[in-house]
Structures are given as C-alpha cells and as structure tokens.
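Have a look at the structure below before the remarks.
The values are calculated or read from the model by the stated rules, or taken from the named source; none is laboratory data. On a predicted model such as this, the values are computed, not experimentally measured, just so you know. Every residue, glycine as well, gets a Cβ built from its backbone with ideal geometry; the counts of neighbours run over all protein chains shown. Accessible surface areas use protein heavy atoms only, side chains included; no ligands, DNA or RNA. Shrake-Rupley method; radii C 1.70, N 1.55, O 1.52, S 1.80 Å.
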Amino acid sequence: MGRSPCCEKAHTNKGAWTKEEDQLLIDYIRTNGEGSWRSLPKSAGLLRCGKSCRLRWINYLRPDLKRGNFTDGEDQIIVKLHSIFGNKWSLIAGKLPGRTDNEIKNYWNTHIKRKLLNHGIDPKTHRSINEPKTAPFQDVKSTFLKTKTSSESGASTSGTTIDEDLRLSTDGGRAVAG
DNA sequence: AACGCAATCAACCGCCTTCAC
DNA sequence: GGTGAAGGCGGTTGATTGCGT
C-alpha cells in the first residue's frame, strides 16, 4: 500500500530537460509566477511531474542564480554552517544568495567532504577522526579553516561571524564571478 | 587511440511538514 | 482536532565528462 504518486507517471517525461521544456517553464513562470506546482505542468504544456518542474526552476532556471565555481569564502561558510546546522542544505543555501540546496549538497559531497577527510576531520561531526575525545569540533574546524586559509585563499576567517563571512564571501563572489 | 576508472552534476524518489478544509 | 493534498527537503542514483594508463 504505497502512497499515491505525485503525478501520472505514465504520462510524464523523465530524465534530462530539453531546451524546449526549459523555455516552456520559464515562459509560464514569467507570466504566471511560481506556485501550484501540481497544476503547472498541465497549464504550461509540459509532460513533467510538478516536483520536477519545481526542482528544475529552483536549481537551474531561476534568474538570480549565481552558478559557477564556489569561492573560498563560500567554501568556508558552508563548512561553518554545516558544523552548526548539519545536513540542512536549504538552511545553508538560505545564507548563500544565488546558491541552491542541491548545488551546495553536491559540492559538499564531492569537494568539501573529501577536503575534511584529508585533514583528518569527520565531515559528519566536524571532529578529528584520530582524536575524537580530545579535539572539540570548534578547534578542529578552525584548524581546517586555518589550514585551508593559509594554503588556499590567504583570507583570514578567524574571529568573524557567519554574517561577516557571508558578506565578504558574496562581495568577493560577485567580484570574482563578475 | 582505446579503454577503464573516478569525479561531477542533474534529476528522481520517498519521507516529512505545512496548510486548507 | 482530524484528514488529505501539496510543497519542501535530503538522500541517492544514473549519465556524462575528464583523466590516467
């Protein structure tokens, strides 16, 4: 007895979006705005699940998305926020204008996670893998940040708040992204 | 040049939360 | 207050691309 599917799967496309589908979605949202994702596909002439439309719009089609590589500042903010919020990607994304939860999640899993592990830090707990009892996560986190800072970015993050970092990051990000 | 492997990214699935009735 | 529908979120998967052998 599973729950009822969110849409008529037999009549919906799956997989990569085509340019035509993207355009239909963009045109529809520009005209009608976001909302009522369930009925959107039908109204927009799309053979897609409403959830799929929402995801596509939020993650790739929204005009305010930054795209491109993450800056060092963003990198550090993500680590900081993750140490506070855990895998609450939408919360973290909310602190990073122009970034989506999916993007951050992917970036975490592919880049940051590995970096932390290379530094001997458990990405789940932000504690040292070797010395779990003696190394408070704050210390380990700052160790990572310092190491990263000195070796990669040259920008100091010590003593700054998340908001300050954010400001620096987004300013820098725009400057870099152009 | 061809093949295999690893890394990356886009998309889907299913659960949880919120909201309207 | 209970119920169902819809939206939102996080985890996971599959396809594609890049790199090394």
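Select from the stretch A:79-92 the residues that are within 13 Å of DNA strand B (Cβ to nearest atom) and aliphatic (A, V, I, L, M) and list them in ascending order. Before the answer, list the steps.
Going residue by residue through the stretch A:79-92, those that are within 13 Å of DNA strand B (Cβ to nearest atom) are A:87-91.
Passing the criteria: only A:L91.
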Quiz item: Applying the selection to the stretch A:128-147, what residues are surrounded by 14 or more Cβ atoms within 10 Å (Cβ to Cβ), outside any helix (DSSP H, G or I) and at pLDDT below 50?
Solution: A:A135
Exercise. Select from the stretch A:55-78 the residues that are without any contact (Cβ under 8 Å) to a residue 12 or more places away in the chain and more than 13 Å from DNA strand B (Cβ to nearest atom) and list them in ascending order.
Key: A:P63
Practice problem: Looking at (1) in contact with a Phe, Trp or Tyr (Cβ under 8 Å, 6 or more places away or on another chain); (2) assigned to a loop (DSSP other than H, G, I, E, B); (3) open to solvent by 80 Å² or more (accessible area, probe 1.4 Å), find the lone condition where A:T125 falls short. | Solution: (3)
Quiz item: Can you find even one residue in the stretch A:32-50 that is among the hydroxyl-bearing types (S, T, Y), within 14 Å of DNA strand B (Cβ to nearest atom) and outside the structural domain of A:A16 (by TED's automatic domain parsing)?
Solution: no
Quiz item: How many residues are farther than 11 Å from A:L61 by Cα, within 14 Å of DNA strand C (Cβ to nearest atom) and either part of a helix (DSSP H, G or I) or modelled with pLDDT under 85 (or both) if we restrict to the stretch A:15-32?
Solution: 2
Practice problem: Return the total of residues in the stretch A:23-42 being open to solvent by less than 20 Å² (accessible area, probe 1.4 Å) and charged (D, E, K, R). | Solution: 0
